1. Of everything in the stretch 105-143, what is under 26 Å from residue 199 (Cα atoms) and out of contact with any strand residue (DSSP E or B) (no Cβ under 9 Å at 6 or more places or on another chain)? Give them in sequence order.
2. Could you tell me which numbered condition residue 113 fails, if it satisfies all but one of (1) modelled with pLDDT under 95; (2) not in a strand (DSSP E or B)?
3. Please find, among 64, 54, the residue that is at pLDDT below 90 and either surrounded by fewer than 20 Cβ atoms within 10 Å (Cβ to Cβ) or in contact with a helix residue (DSSP H, G or I) (Cβ under 7 Å, 6 or more places away or on another chain) (or both).
4. May I ask you to list the residues in the stretch 116-152 that are in contact (Cβ under 8 Å) with a residue 12 or more places away in the chain, surrounded by fewer than 20 Cβ atoms within 10 Å (Cβ to Cβ) and in a helix (DSSP H, G or I)?
5. Those residues that are under 11 Å from residue 171 (Cβ atoms), touching a residue at least 40 places away in the same chain (Cβ under 8 Å) and assigned to a loop (DSSP other than H, G, I, E, B), I need them from the stretch 187-203; list them, please.
6. The conditions are (1) at pLDDT 95 or above; (2) touching a strand residue (DSSP E or B) at 6+ places or on another chain (Cβ under 8 Å); (3) surrounded by fewer than 24 Cβ atoms within 10 Å (Cβ to Cβ); (4) farther than 30 Å from residue 187 by Cβ, and residue 245 fails exactly one of them. Which is it?
7. Restricting attention to the stretch 256-313, and to residues there that are in contact with a helix residue (DSSP H, G or I) (Cβ under 7 Å, 6 or more places away or on another chain), in a loop (DSSP other than H, G, I, E, B) and touching a residue at least 24 places away in the same chain (Cβ under 8 Å), which single residue is surrounded by the fewest Cβ atoms within 10 Å (Cβ to Cβ)?
8. Consider the stretch 100-115. How many of its residues are under 18 Å from the mean Cα position of the chain (by Cα) and buried (at least 21 other Cβ atoms within 10 Å of the Cβ)?
């Protein structure tokens, strides 16, 4: 089950929108076109155009079905810089009810890392939970090799924040501990947070996100949840993770029921999601799909239009590249569109 709102930006996108008055007119053949009073490129409007320059078309009052209308739209341009980095933070509830789930994560975290690595990304993983081997009233997790080093130790790509995470406070703990491991995260790398818990959060989704986004490095973070989705489907959960659903919805994240019958598939799905983030460029506003244009810009400011290898996904409100067409690290991606 997915709750989407994906905002996975390598750097804060530069957004510029200009209000335009666009007139929907007809050409001499009665074919509806759109043109702007500001001299911008014609707005496609999802309507059929005739041949030639639609901008030169004039209203034709002799065509009965030709209705002239004017609407206020916005011409928008967003700029992104592609990154090859992916930083993923796992925040894991280590309360007494999480014994089986923690073992499932421990046994399959390398499968997650392998899936991300297979995409060619330069990735980092951070655990925020208790480190160790104890099981029971307090459940600890020891990340295995090769992601971690011997005896749960840190490596170049793995860092463990050893802290107790309760049933209701994973977002609070993350906010409190973020300054302690912020230096393990990289500017420009796409950020993902994965909450794993069978309970709901005490801190509301909006309050958490507003505080999290105050850190410029966390702008564009995607939040996923391995959570209790429904007590009808999973009676063992402490509570349905309503706040986590809202977090995922606002950041276009992935939701997976914690009563998962295969943590191997769970790890693979999350790995695929993190890897796919680097091929997605989310838009700040809802575009008229027919007007979306994509360009690559070189160091001298020259733009080349990209006409293949991508599509606009309305569910993600993002331009999504095919894996083979994914921009290389450092590429400046320009996306222009009109609002609907």
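1. Selection gives 107, 108, 110, 111, 134, 135, 136, 137, 138.
2. Among (1) modelled with pLDDT under 95; (2) not in a strand (DSSP E or B), residue 113 violates only (1).
3. Values: 54 fails: either surrounded by fewer than 20 Cβ atoms within 10 Å (Cβ to Cβ) or in contact with a helix residue (DSSP H, G or I) (Cβ under 7 Å, 6 or more places away or on another chain) (or both).
Being at pLDDT below 90 and either surrounded by fewer than 20 Cβ atoms within 10 Å (Cβ to Cβ) or in contact with a helix residue (DSSP H, G or I) (Cβ under 7 Å, 6 or more places away or on another chain) (or both) holds for just one of 64, 54, which is 64.
4. Result: 118, single match.
5. Going residue by residue through the stretch 187-203, those that are under 11 Å from residue 171 (Cβ atoms) are 193, 195, 197, 200-203.
Now narrow it down to the ones that are touching a residue at least 40 places away in the same chain (Cβ under 8 Å): 193, 195, 197, 200-201, 203.
Residues satisfying the conditions are 197, 200, 201, 203.
6. (4)
7. Of everything passing the filter in the stretch 256-313, 260 is surrounded by the fewest Cβ atoms within 10 Å (Cβ to Cβ).
8. In the first step, residues of the stretch 100-115 are kept if they are under 18 Å from the mean Cα position of the chain (by Cα); the result is 112, 115.
Now narrow it down to the ones that are buried (at least 21 other Cβ atoms within 10 Å of the Cβ): 112.
Number of matching residues: 1.
The values are calculated or read from the model by the stated rules, or taken from the named source; none is laboratory data. Computed from a prediction, not measured in an experiment: that's the story for all the values here. All Cβ positions, glycine included, derive from the backbone under ideal geometry; neighbour counts span all protein chains shown.
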